[in-house]
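The values are calculated or read from the model by the stated rules, or taken from the named source; none is laboratory data. It should be emphasised that the depicted structure is a prediction, and the values quoted were computed from it without experimental measurement. Please note: Cβ atoms are built from the backbone with ideal geometry, for glycine as well, and neighbour counts cover all protein chains shown.
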Amino acid sequence: MTERLYYSDPYLTTFDAQVIAARLLEGQPAVALDRTAFYPTGGGQPHDTGTLNGVPVLETTSDGDAIWHRLAAPLPPGAAVHGQVDWARRRDHMQNHSGQHILSQALIVTAGALTVAWRLSDHSLTIDLNQTGLSDGQLASAEGLANQVVQQDQPISARFVSAAELPTLALRKQPDVEGPLRVVEIGDFDRVACGGLHVASTARVGLIKVLRAERRGPETRLHFVCGQRALADYERKHELVRSLAGRFTCGEEELPQAVERLQALADSNFKALRAAQAELVTAEAARLAALAGPGGLATGVYPTWEAEQLKQLAMALRGQPGLIIALAGGANQVLAARSADVSFDAGQALRGALAAVGGRGGGRPDFAQGAAPSWQAACQALDVLARSGDRPERAVA
Ligand SMILES: [Zn+2]
């Protein structure tokens, strides 16, 4: 049985102990100590890391009795060890765990929303609430109350409570297991069963900031940050806003209008581009039809044209009598079509032409499209198409 030093002092970062057992865990050496300040994964809080006699502790787990420290190198049984807990990591876990308790109770007070699950990892902190449809206003109220509790600097304490005393305590959430249990109290604001580690007072949590809410079936998942993570999030967002304001050469407050102006400009440019493309299609259709002459082959290559523009050109040409149409466009597209009065199977011709160059495509007898594996192959397919469409025996009505 390992003595859990972190329960008597969550701020203890160094300690001396003795190795009482050694074994392999996941193929790596691991030791159990007579006493430890390393918190093992449990109760939603991730494990500590650090060193034992300078050897990195990769993971800490509990088997119920002993706490096992998975190591980067072996330590012999009986060895005296000096332990050092990675304090930055532990403090981050304690800040965010205490912040979770405060926000969970604040959500009950302001919105009647009960926390049914929570998760803390190196990069995220979430709570799942037993309801959906929480308004932005409700979330803002909960966040406001949580930060008010932080400002009040209320004490946070933990104690083991007997099974007999448990029912007399008004706990935020009914415990899943029967006592005796460890209970964490935040001043007169919150009381809940919890095996995790906490900062000594609410002020040490620092800022609590809700980032977003996400609906998950009958529940809502809230993503939030506390303390150092909230500061890092603010620094990152501040830098983002500052650099955007720099790029728009405007003040931070003027960013929304600057983005609106840019969107309006993009919209009008897009409309102008579409109008110019339509004019180009009309002019190009007239040019190709004149080159082909009545009963001829209208063909052209347009390496930068999108599929839609190429299709519009084919449609404009089909409006002219007696034409067979073969076009190539951007992304190695190849297109075959014919006027209504011509007997020519565009689908069959296109399939054959593309198959010959390793491409794929198909369609109806009057309109078909596909793509070749390269621009060179698209031009070769166009040649094949042009020859098949230029046979003298083709019938013109
Ligand atoms: Zn807890």
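Given the conditions (1) under 26 Å from Ala203 (Cβ atoms); (2) without any contact (Cβ under 8 Å) to a residue 40 or more places away in the chain, which single one is not true for Val55?
(1)
Can you go through Ala276, Ala292, Ala286 and tell me which one is out of contact with any helix residue (DSSP H, G or I) (no Cβ under 7 Å at 6 or more places or on another chain), aliphatic (A, V, I, L, M) and buried (at least 17 other Cβ atoms within 10 Å of the Cβ)?
It is Ala292.
Among the numbered criteria (1) in a loop (DSSP other than H, G, I, E, B); (2) of a type in the set (D, E, K, R); (3) within 16 Å of the ligand (Cβ to nearest atom), which one does Asp153 miss?
(3)
Taking into account only those residues within segment 135-150 that are in a helix (DSSP H, G or I) and polar (S, T, N, Q), which is nearest to the chain's Cα centre (by Cα)?
Restricting to residues being in a helix (DSSP H, G or I) and polar (S, T, N, Q), the top hit is Gln138.
Residue by residue, here is whether (1) within 16 Å of the ligand (Cβ to nearest atom); (2) within 15 Å of Leu25 (Cβ to Cβ) holds:
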residue: Gln45; (1), (2): yes, no
residue: Leu52; (1), (2): no, yes
residue: Trp87; (1), (2): no, no
residue: Leu103; (1), (2): yes, no
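Within segment 165-198, which residues are within 12 Å of the ligand (Cβ to nearest atom) and acidic (Asp, Glu)?
The answer is Glu185, Asp190.
Yes or no: segment 315-328 includes at least one residue that is touching an Asp or Glu at 6+ places or on another chain (Cβ under 9 Å), in a loop (DSSP other than H, G, I, E, B) and at positive phi.
yes
Filter segment 173-210 for residues that are surrounded by fewer than 21 Cβ atoms within 10 Å (Cβ to Cβ), part of a loop (DSSP other than H, G, I, E, B) and of a type in the set (Gly, Ala, Ser) and give the result.
Matches in segment 173-210: Gly179, Gly187, Gly195, Ala200.
From the list Asp86, Asp63, which one is crowded, with 16+ Cβ neighbours inside 10 Å and either among the acidic types (Asp, Glu) or modelled with pLDDT of 95 or more (or both)?
Working: Asp63 fails: crowded, with 16+ Cβ neighbours inside 10 Å.
Every option except Asp86 fails the conditions.
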